[in-house]
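So the structure is just underneath, and the comments pick up after that.
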């Protein structure tokens, strides 16, 4: 009986350690995503155009996506996404992304990927919690700068726009064939249970304190873009 109790206690400790490790890794990912958003918007002339950001229905960030052999087939990353709701930006949901073709700089060791879902069709695809960016539903390279050029067609039935940052350089990149699905391990690590992807992004789930830095970065970016647009329209 004593040996059984010790074995059970050891198992519980092991389970707790794994859960704690998963929470720490996911929290670090949220903080990295916040840093990516803050740094991109801190350089408006080389970032996401204000009107593009203000028109986005969902924002997904996959920090440190590329490591080592990514370009030759090691493609995989984990990220976080939030969507607009009537009450503001939703609690974050967690995604994994892999496969496909990415317009990343050859030889890149680390790439931050940002995707903006621009219309209802793109959002509905995202809400399925498992879909592929391909064909008409692929993510096109987004415009870069303080304002989107009048010659760009990002408003024309664009479901998703994507960007990458490599070694400080921020550019629009095309993403095709990538598979995006819910990252259930990260979801459980932060929410304590497997919360439905659609439920989280619809705004009915309360955001845990560990997600505050990420949501603050998204809200700050939106506020900055809105204020700049309002000031320049006068």
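Readers should treat all values here as calculations from the given coordinates under stated rules, not as data from a laboratory. None of these values were measured; they are calculated from a predicted model. Here the Cβ is made from the backbone with ideal geometry for all residues, glycine too, and neighbour counts use every protein chain on show.
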Using alpha-carbon positions, what is the distance between the centroids of the range 163-191 and the range 80-146, in Å? 7 Å
Report the FRET efficiency, 1/(1 + (r/R0)^6), for residue 85 and residue 35, where r is their Cβ-Cβ distance and R0 is 30 Å, rounded to 0.05. 0.80
Subtracting the Cα-Cα distance from 0.36 nm times the residue separation, let me have the gained length for residue 119 to residue 132 in nm, one decimal. 3.0 nm
Between residue 42 and residue 212, Cβ-based FRET efficiency (R0 25 Å, step 0.05) works out to 0.80
